[in-house]
Every structure is written in structure tokens, then in C-alpha cells.
Amino acid sequence: MRYLSVCSGIEAASVAFQPYGWKPVAFSEIDKAASRVLAYHHPEVPNWGDMTKFQEWPDATFDVLCGGTPCQSFSVAGLRQGLADPRGNLMLTFGAIAARYRPKWLVWENVPGVLSSNGGRDFGAFLGMLGQLGYGVAYRVLDAQYVRTCRFPFAVPQRRRRVFVIGYLGDWRRAAAVLFDRESLSGHPAPRREAGQRVAPTIGACIGGRDRDFDCNGGRIQHPQHEQQRQRA
């Protein structure tokens, strides 16, 4: 799979994608410090810069367009100007980039406040735009403290709820299958344990410090270093 990342930052998307062999065709980042980080870690990948100038970008073929456009205009902690704020309008620029390149897959994320911005009309405009382009979409709020990758098996030590939108060209079912398990889609939810207190791990536990193991929804997760110490004891 080949992907184009916009609003790249220091490229968290690549951290998640690269263990699966996905390759970036380009990044889009304007912050100078973040751009230097990208150039250091990915010297072979071009940075196309300002995403509002996408009409000047070269032609390319890729499978996935991904990005998390700025959240300030949608956050409940801000002024909530939504699409009236140029930063918020980048959500529609994301759609315009999809219109130009027509990748099969879209992955977009933002704060939960986007769902209620302007009475929900801003988010509706975004989904409507993607639908007019032929994308079937699904969206869901996920908490990053429960997200794992094969290279990073420990949680982000914070509660971080985000809206994820997945789009697939021509079929909403393909998009929904990414975010929802099949039992739920067919009307037969999989059995769930009783809800327990969810505690994010400490920073020390995540970076190999001496913090204790932690509980997560009733299941105990052991830090590898702690397990090695127990085996030697």
C-alpha cells in the first residue's frame, strides 16, 4: 500500500503503517521543525508543503490519503468557528485532494467537537462532500489509550478521544469493516465483559521505567521488563 500523508507533523501515521510494509509517496507539512524531523527520518520522501497548494503538486498514484487536519476551530476549548476558520476549512481541502487523486481509501481524524460544530452542519458538509465524490464512509470515536501497534504494544499514557473517518471509493461496507466488527454490523453484538475502570498506563511504564504493571478493563498487562525480572527471581 502507498499513502499520501497531509498535516503530517512528525509522521505518527508512518509509525503505524510501516510495520505492515506501507510506503509514503509524499508528506505535506509546513512547520519548519516538523519538516526537519521528516527530512531526517525519511530523506527519500518528498515534502510537498502547504496542502492548500495541492493543485501545484505533481501527479501521483497511491492507495490511501490520510491526515488529521487542524482541530482548533472545532475544539470545545476554542472559539468553535468551524469552517469559517481557515484552519477548519482544511477539512474540505482534504476532500478536494481526494477529488484530484482519487485514492481508494481515506483516513481522517479530528477532535470529537467536530461532530457538534455549527450544529453538526460542518461535519455533515464534509461527509456530504466525500459522498458526492463517490466514497462510502464510516466514522467512529476511538480513544488512543487503547490503540496498539505491533511495534508499540503499550498504550499512549493519556485519554485521547478522536473521531476517525474511513472512506472507501464506491463501498461504505469496506469502510465500516475497518472501524466496526462484523458481529455489530450484522446486528449481533459480540459478548462484552462488564465495564470496568479503564486506567491508562503511566509514562514510566511505557518507556521501560520502574512503574508498576497496570490494569486495563479488568485485564492485567505486564511490562516485558517486569516479567523478565520475575523470571530471574
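Filtering segment 90-117 to residues that are assigned to a helix (DSSP H, G or I) and surrounded by fewer than 18 Cβ atoms within 10 Å (Cβ to Cβ) leaves 92, 96, 99, 100, 101, 112, 115. Taking the criterion of being surrounded by 16 or more Cβ atoms within 10 Å (Cβ to Cβ) and either of a type in the set (S, T, N, Q) or assigned to a strand (DSSP E or B) (or both), the residues of segment 161-178 that qualify are 162, 163, 164, 165, 166, 167, 168, 169. Looking only at segment 126-136, residues that are in contact with a helix residue (DSSP H, G or I) (Cβ under 7 Å, 6 or more places away or on another chain) and surrounded by fewer than 19 Cβ atoms within 10 Å (Cβ to Cβ) come to 3 in all.
Here's the yes/no breakdown for (1) modelled with pLDDT under 95; (2) charged (D, E, K, R); (3) outside any loop (DSSP other than H, G, I, E, B):
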| site | (1), (2), (3) |
| --- | --- |
| 52 | yes, no, yes |
| 58 | no, no, no |
| 61 | no, no, no |
| 65 | no, no, yes |
| 71 | yes, no, no |
| 75 | yes, no, no |
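Looking across segment 77-107 at every residue that is within 19 Å of residue 30 (Cα to Cα) and out of contact with any strand residue (DSSP E or B) (no Cβ under 9 Å at 6 or more places or on another chain), the one that is modelled with the highest pLDDT is identified as 96. Each residue in segment 1-51 was checked for being touching a residue at least 12 places away in the same chain (Cβ under 8 Å) and in contact with a strand residue (DSSP E or B) (Cβ under 8 Å, 6 or more places away or on another chain), and 30 pass.
Checking 152, 126, 164 one by one, the residue that is at pLDDT 80 or above and closer than 22 Å to residue 1 by Cβ is 164 and no other. For segment 92-112, the candidate set comprises residues that are of a type outside the set (A, V, I, L, M, F, W, C) and within 16 Å of residue 74 (Cα to Cα); within that set, the residue that is farthest from the chain's Cα centre (by Cα) is 93. The set of residues in segment 1-20 being under 14 Å from residue 64 (Cα atoms) and over 12 Å from the mean Cα position of the chain (by Cα) consists of 1, 2, 3, 4, 18, 20. With respect to (1) closer than 13 Å to residue 65 by Cα; (2) surrounded by fewer than 21 Cβ atoms within 10 Å (Cβ to Cβ), the lone exception for residue 39 is condition (1). For segment 48-76, what are the residues that are under 14 Å from residue 13 (Cβ atoms) and either surrounded by fewer than 18 Cβ atoms within 10 Å (Cβ to Cβ) or not β-branched (Val, Ile, Thr) (or both)? If the condition is that a residue be under 14 Å from residue 13 (Cβ atoms) and either surrounded by fewer than 18 Cβ atoms within 10 Å (Cβ to Cβ) or not β-branched (Val, Ile, Thr) (or both), then 62, 63, 65, 66, 67, 68 are the ones that fit.
Read through the list (1) surrounded by fewer than 20 Cβ atoms within 10 Å (Cβ to Cβ); (2) of a type in the set (Gly, Ala, Ser); (3) at pLDDT below 75, then give the number of the only condition that residue 120 fails. Condition not satisfied by residue 120: (3). Go through the residues of segment 28-47 one by one and say whether even a single one is at pLDDT 95 or above, assigned to a strand (DSSP E or B) and not polar (S, T, N, Q). Checked against the condition, which is being at pLDDT 95 or above, assigned to a strand (DSSP E or B) and not polar (S, T, N, Q), segment 28-47 yields no hits at all. Number of residues in segment 11-27 that are surrounded by fewer than 17 Cβ atoms within 10 Å (Cβ to Cβ), modelled with pLDDT of 85 or more and part of a helix (DSSP H, G or I): the value is 1.
The values are calculated or read from the model by the stated rules, or taken from the named source; none is laboratory data. The structure presented is a predicted model; accordingly, all values stated were derived computationally and were not measured. FYI the Cβ positions are ideal-geometry reconstructions off the backbone, even for glycines, and counts take in every protein chain you see.
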